[in-house]
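The values are calculated or read from the model by the stated rules, or taken from the named source; none is laboratory data. These figures come from a predicted structure and were not determined experimentally. Note that we place each Cβ from the backbone using ideal geometry, even for glycine, and neighbour counts take in every protein chain shown. Just so you know, the surface numbers come from the protein's heavy atoms only, side chains and all, with ligands and any DNA or RNA stripped out. Shrake-Rupley method; radii C 1.70, N 1.55, O 1.52, S 1.80 Å.
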Amino acid sequence: SNNHSDAWFVAVTPRLVCGCWVGGEYRCIHFRTGEMGQGNKTALPVCAGFMGRVLRDSTFARYREHF
């Protein structure tokens, strides 16, 4: 988002949605560069790790249907 202060990523499957935000509580906190503040650099790895664990867990097998 503006001033390299927030990074977002949202992952969507037919049955599951995951959103991740990486940033600071205070607006004076910024990423050093625009590249590092992009969601694919910071928020995507968090979201991918979470989605991978959920989709591999047998407890959530019903969310893998039609995948």
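Structure data summary
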item: Considering residues of segment 32-47 that are of a type in the set (S, T, N, Q) and in a loop (DSSP other than H, G, I, E, B) only, the residue surrounded by the fewest Cβ atoms within 10 Å (Cβ to Cβ); result: T33
item: Segment 48-67, residues that are exposed (fewer than 10 other Cβ atoms within 10 Å of the Cβ) and touching a residue at least 40 places away in the same chain (Cβ under 8 Å); result: R62, E65, H66, F67
item: Residues that are open to solvent by 50 Å² or more (accessible area, probe 1.4 Å) and polar (S, T, N, Q), drawn from segment 3-12; result: N3
item: Any chance R15 is open to solvent by 100 Å² or more (accessible area, probe 1.4 Å) and modelled with pLDDT of 85 or more; result: no
item: Count - residues of segment 18-31 that are in contact (Cβ under 8 Å) with a residue 12 or more places away in the chain, open to solvent by 90 Å² or more (accessible area, probe 1.4 Å) and over 30 Å from F60 (Cβ atoms); result: 2
